[in-house]
Each structure stands twice: as C-alpha cells, then as structure tokens.
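As structure tokens, the structure follows; a few thoughts come after it.
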C-alpha cells in the first residue's frame, strides 16, 4: 500500500508531538485525520498543514467522552470505509500526580481514564475499520516511565521519576499493546508501543532534550512498517525497551 492510499488517525494531534506526527505522515502522501477534543484547535491545525500542501482532515474526539469516539469512528467509516493507521497519541499529566504517598487518587483516576481507558475505547471503536485495511498499524505512544523494569532499577535514570498515575497509565497502555498484539497475531494488524524520547512539549513542560521533529520520527516509522513487521514490541530511539 503506497502513501497515496493510506488513511491515518492521530489522536491529540492539534499540537505538540501529535501535530508533528500528523505532519510527517502527511508528507508521505498519507491522508491524516487529526483527532482533537477542541474544534478551534483542530481547525487551526488543519489550516496550518493544508497551507503546506498536505492532505489533512479533522474529527472531534475526546477520550473521556466515549460518544465522541463512536461518532468519530462512524464518520471515518462513512467517508473512507477503512483505517490503515491509528496513532494513539492523546494523553495527559496532572498537577496532583506524584509519588504513591502524595498523589491524589482522583488525579490517578483522571490520568488512567484518559491515557488507558480512553485509548482502549478509541482502539476498540477503530478496530472494525482497521480490519478493512490490508496492512493496518497501531502505534501506542508510551514512555520509558511505563517500564516496570526501569522503574524498579536503582541505576536507571527513571528510578526516581515517581508519578504513580502517569507511570501506571503507560504501564497499562503497554499491557494493551501486548495483549492486543497477541489477540491479533493472525491478522494483518500490527501493534507496538513506541517511546519517542524526552521531547520538548507542553506535556513535559518543554523540559525535554528532543525537538518534536526528532520525537515524531520513531512513531512515524512504526506507523509505516512494511511487510513482515514485528508486532508486540516496546521500542525507543535507542532500541528495544524492557517491559
């Protein structure tokens, strides 16, 4: 399947790394649907990319409102009949998150509801459309903070990064990758978790050491995996990440 025939949905794509993933996918000739919960921001993103000559659309999709997810799937199905790429990028952090002794349960719930439950809902809603593709790809945007191995290693740079809600949400997202890849192993759908690295975005308070252009490269690479693609992996720019 060449780029001109691919259809991709990127959630949370109105800014940051999601917008850059959308841009880089569209630059391959892929028709990219920008998923966003704010209509104005979605419109601005579409206008900006369209001015660059890129084929983009938008759909309203809020991970906390499952009716919006169902409506987005119905719209994509009506207009395109299938989906070739799903990039589950949308996610949040919370100011009330922190170590297990300090984070509020409400913050943990908000983060898990969005980052894990919301992503699960999106994936389930889009699966019938992905099944219509000859070679569908699902990319779950994860992080090394979701690695139980690295979180438990005193020598790891991630050992002291204790955000129980956020880290747990990404560990749960990785479980989705593992189980979904196994469940779909006899289908053309490939599922992987990708950690883009520490990217300068609103989510990181712009404290990262990678640009959004650099951070988007690996998710885009896995969204465009060709034949004989490996499924059920957890990868970062330096290679495979331990679960």
Study note, to complete from the structure: Of the conditions (1) modelled with pLDDT of 95 or more; (2) crowded, with 16+ Cβ neighbours inside 10 Å; (3) more than 15 Å from the chain's Cα centre (by Cα); (4) outside any loop (DSSP other than H, G, I, E, B), the single one that residue 214 does not satisfy is (1)
Exercise for review: Please work out which one of (1) in contact with a strand residue (DSSP E or B) (Cβ under 8 Å, 6 or more places away or on another chain); (2) touching a residue at least 60 places away in the same chain (Cβ under 8 Å) is the condition residue 39 fails and give its number.
Suggested key: (2)
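Okay, residues lined up against (1) modelled with pLDDT under 95; (2) over 15 Å from the mean Cα position of the chain (by Cα):
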| site | (1), (2) |
| --- | --- |
| 16 | yes, no |
| 21 | no, no |
| 34 | no, no |
| 37 | no, no |
| 48 | no, yes |
| 55 | no, yes |
| 92 | no, no |
| 112 | no, no |
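Across segment 164-210, which residue is modelled with the highest pLDDT among those that are in a loop (DSSP other than H, G, I, E, B) and closer than 17 Å to residue 238 by Cβ? Spell out how you get there, then give the answer.
Here is the first cut: in segment 164-210, the ones in a loop (DSSP other than H, G, I, E, B) are 184-189, 195-198, 200-209.
Add one more test, that the residue is closer than 17 Å to residue 238 by Cβ, and what stays is 195-198, 208-209.
Details: 195: 94, 196: 90, 197: 78, 198: 67, 208: 59, 209: 62.
Among residues in segment 164-210 that are in a loop (DSSP other than H, G, I, E, B) and closer than 17 Å to residue 238 by Cβ, the one modelled with the highest pLDDT is 195.
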Practice item. Have a look at 76, 34, 21 and point out the one that is under 25 Å from residue 110 (Cβ atoms), part of a helix (DSSP H, G or I) and touching a residue at least 12 places away in the same chain (Cβ under 8 Å). Key: 21
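Could you say whether any residue in segment 95-107 is touching a strand residue (DSSP E or B) at 6+ places or on another chain (Cβ under 7 Å), touching a residue at least 40 places away in the same chain (Cβ under 8 Å) and not in a helix (DSSP H, G or I)? Lay out the reasoning, then the answer.
Within segment 95-107, the first condition is being touching a strand residue (DSSP E or B) at 6+ places or on another chain (Cβ under 7 Å), and the residues that meet it are none.
No; the residues of segment 95-107 include none that is touching a strand residue (DSSP E or B) at 6+ places or on another chain (Cβ under 7 Å), touching a residue at least 40 places away in the same chain (Cβ under 8 Å) and not in a helix (DSSP H, G or I).
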Check your understanding: All but one of (1) buried (at least 17 other Cβ atoms within 10 Å of the Cβ); (2) touching a residue at least 60 places away in the same chain (Cβ under 8 Å); (3) over 14 Å from the mean Cα position of the chain (by Cα) hold for residue 134; which doesn't?
Key -> (1)
Revision key, fill the gap. Filter segment 143-160 for residues that are surrounded by 15 or more Cβ atoms within 10 Å (Cβ to Cβ) and without any contact (Cβ under 8 Å) to a residue 24 or more places away in the chain; the one that is farthest from the chain's Cα centre (by Cα) is 156
Check your understanding: If a residue has to be exposed (fewer than 15 other Cβ atoms within 10 Å of the Cβ) and part of a loop (DSSP other than H, G, I, E, B) to count, how many in segment 40-54 make the cut?
Key -> 3
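The values are calculated or read from the model by the stated rules, or taken from the named source; none is laboratory data. The structure displayed is predicted, hence computed values, not measured ones. Neighbour counts run over all protein chains shown; Cβ positions are idealised from the backbone, glycine included.
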